[in-house]
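To start, the structure under review is shown below, and the notes come after it.
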Amino acid sequence: LSSNFPNIIQRKRDGKNLRDDELRQFVEAATALTLGKEVVPAYQISALLMAIYFRGMDFKETLTLTRAIADSGQRLTWDGVERPLVDKHSTGGVGDKLSLIVVPLLAACGAAVPKLSGRGLGHTGGTLDKLSAIPGLRLEFSPDELNDLLRRNGCFIAGHGAELAPADATLYHLRDVTATVESLPLVVGSIIGKKLAAGADSFVIDVKVGRGALFPSQPKALRLARWLKRAAEAEGRRCVCVITDMSAPLGRQIGNANEVDEALDILGGSGSAEVAELSKLCVELAAQGVKAAGLAESITAARVLASSKLADGTAREVFEKMIAAQGGDLGSFLRRGKERLTAEVIAPRSGWLRRLDALTIGRAAVALGAGRRRLDDELDLEAGVEIVTPRGAKVSEGEPLLLLRANSEERLREGLALAAGAVTIGDEQSTQRQLVRRVIR
Ligand code: URA
């Protein structure tokens, strides 16, 4: 395997299409590294990633890669689960706590949702990190235990163990440290490869667009959405992609524990105008999944169903059951001490708060300790950014805009320097943001 690898790198470097056997070798090499064996060194896999980044891959290569990633481990099957299986995924955002709401909401609408999530990456947060703020919550389970959780509660949120798409763990990690995350075929292989292995029949994918998204431009996000859908459908799955705005953070909380708090506000139907805006987005994502799974006749009926299950507290009940079944203690989470050092970003002048830049706020949250710079960094789960004054508001000089929390002065200083650059105040009111840009059904 290894002696042939430089050849594969060279062929892609020179712009050739890789053959199926070459792509399979690439995925086998990554899988071996995840499992602690080395058949090809990481530097050669990284070189191929960079060649793919620059040369791209056509759809046929992308599909072969996707299937090979899915087959690099076990493909989960859900014996005894009677409900239609729906999965939800996001390409990654800032303040994106939507999975915490959409997963139980889909289950409340009658779907089974086997949700396997990841940790934060770069400036974007990860659902597993947010959930790890809940004391006692287990996130690693055997396939049999997952099956049991799904049958009992209609959903779970857990981490992927090494048995599921193991190739992706190495590819993702190497991409993260070699500036090759933003490659369309690699993103499609990573997302759909994992989704295929997780075994749902329908996927709802939230494709982010705007600064703070993996692909900031609308044409690239649209192309990603189309390829994700094509790859899923080639494997007989239904797939809806919802392109949503990630130019500013979602909601008012960016971090981990504070995002779980905000998710509970959404599930409980209480809170600010941003909470109402996020509720609408959760209903839309759930409705697209409900429709794709055949749980409603029309998208209008699906929206009515999802909206009622959020409003009447059913989704919240499912969330509480799911957390309890995974060993989490929501009571002590809600009673936890949140004491941290704090600092504020204040309005440097009067005017309209026109912009809260998602990318910069995401980076500030990482600096504060809410995200990792190295794989082994320990998170401060209470660290993060709270948006005190929402985008679009009229502000006076000296008014607090952002509240930062961290556990050291040094982190706070660094976070503050970054976060101050995230706000733009202008003389004119900004237009209201439209969260859902397009639905690719
Ligand atoms: N999310 C994933 O799971 N994989 C990617 O490559 C990008 C976003």
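The values are calculated or read from the model by the stated rules, or taken from the named source; none is laboratory data. Keep in mind that this is a model prediction, so the values were computed, not measured. Note that we place each Cβ from the backbone using ideal geometry, even for glycine, and neighbour counts take in every protein chain shown. All accessible areas refer to the heavy atoms of the entire protein, side chains included, with ligands and DNA or RNA removed. Shrake-Rupley method; radii C 1.70, N 1.55, O 1.52, S 1.80 Å.
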Given V388, I191, G120, which one lies farthest toward the positive end of the charge dipole of the chain, if we put +1 on the Cβ of every Lys and Arg and -1 on the Cβ of every Asp and Glu?
-> I191
So for the chain, taking the charge dipole from beta-carbon charges (+1 Lys/Arg, -1 Asp/Glu), which of A325, P41, A287 sits furthest toward the positive end?
-> A287
Rounded to one decimal in Å, the inverse mean reciprocal Cα-Cα distance for the range 287-441, i.e. its Kirkwood radius, is 18.8
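Which of the peptides 43-52, 78-87 is most tightly packed, and how do the rest follow, judged by the mean count of other Cβ atoms within 10 Å per residue?
Details: 43-52: 19.8, 78-87: 17.5.
By packing density, highest mean first, the sequence is 43-52, 78-87.
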Could you tell me the accessible area of I346 in Å² (1.4 Å probe, neighbours in place), rounded to the nearest ten?
-> 90
Which order do the peptides 138-144, 246-252, 151-157 take when ranked by the mean count of other beta-carbon atoms within 10 Å per residue, highest first?
-> 246-252, 151-157, 138-144
Taking amide hydrogens as modeled 1.01 Å from N in the peptide plane, which residues meet the under 5 Å criterion relative to R438, leaving out close sequence neighbours?
-> I243
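Based on the Cα coordinates of the chain, what is the per residue volume of their convex hull in Å³?
Details: hull volume 59.6 nm³, N = 441.
In the chain, the Cα hull volume divided by residue count equals 135 Å³.
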Here the net charge surrounding D20, from other residues whose Cβ is less than 13 Å away from its Cβ (Lys, Arg +1; Asp, Glu -1), is -2
Point-to-point label distance, K16-R226, nm (Cα→Cβ direction, 7 Å offset) = 2.9
Using label points projected 7 Å from each Cα along Cα→Cβ, tell me how many nm separate D427 and A273, to one decimal.
-> 2.3
Over what distance in Å are the Cα centres of the range 301-349 and the range 71-134 separated?
-> 15
Rounded accessible area of T124 (nearest 10 Å², 1.4 Å probe) | 30
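Can you tell me which of 358-365, 226-233, 65-72, 300-307 comes out highest on packing, and rank the rest after it, using the mean Cβ neighbours within 10 Å?
Details: 358-365: 26.6, 226-233: 20.2, 65-72: 24.4, 300-307: 18.8.
The peptides rank, most packed first, as 358-365, 65-72, 226-233, 300-307.
Sort K60, K195 by heavy-atom solvent-accessible area, probe 1.4 angstrom, most to least.
Values: K60 130, K195 5 Å².
I get K60, K195, largest accessible area first.
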Find which of S202, T31, N256 sits farthest along the positive direction of the dipole of the chain, computed with +1 on the beta-carbon of Lys and Arg, -1 on that of Asp and Glu, about the Cα centre.
-> S202
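Quick check on my link table: of K208/K280; K60/K291; K338/K394; K115/K321; K130/K229, which ones sit more than 18 Å apart, alpha carbon to alpha carbon? Intermediate values should be presented prior to the final figure.
Numbers: K208/K280 16 Å; K60/K291 29 Å; K338/K394 30 Å; K115/K321 15 Å; K130/K229 28 Å.
Result: K60/K291; K338/K394; K130/K229 exceed 18 Å.
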Share antiparallel - DSSP beta bridges, the chain, percent rounded to 5 | 55
14 Å beta-carbon shell around V290, net charge (K/R +1, D/E -1) | +3
Determine which aspartates and glutamates satisfy two conditions relative to K16: a Cα distance under 18 Å, and not lying fewer than 8 residues away in the same chain.
-> D58, E61
Listed residues V39, V385, V242; largest mean-square fluctuation, Gaussian network over the chain with Cα springs below 10 Å, found at V39
With Cα coordinates, the longest principal axis of the chain makes an angle with the long axis of helix 409-420, in degrees rounded to 10, of 90
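When the helix-only estimate is applied to the chain (DSSP H runs of n ≥ 4, each -39,500 (n - 2.57), divided by the residue count), what is the mean residue ellipticity at 222 nm, nearest 500 deg cm²/dmol?
Using -39500 (n - 2.57) per qualifying helix, the result is -14500 deg cm²/dmol.
Could you put F59, F333 in order of accessible surface area, largest first, with the 1.4 Å probe and the full protein assembly present? Intermediate values should be presented prior to the final figure.
Working: F59 30, F333 0 Å².
Putting F59, F333 in descending order of accessible area: F59, F333.
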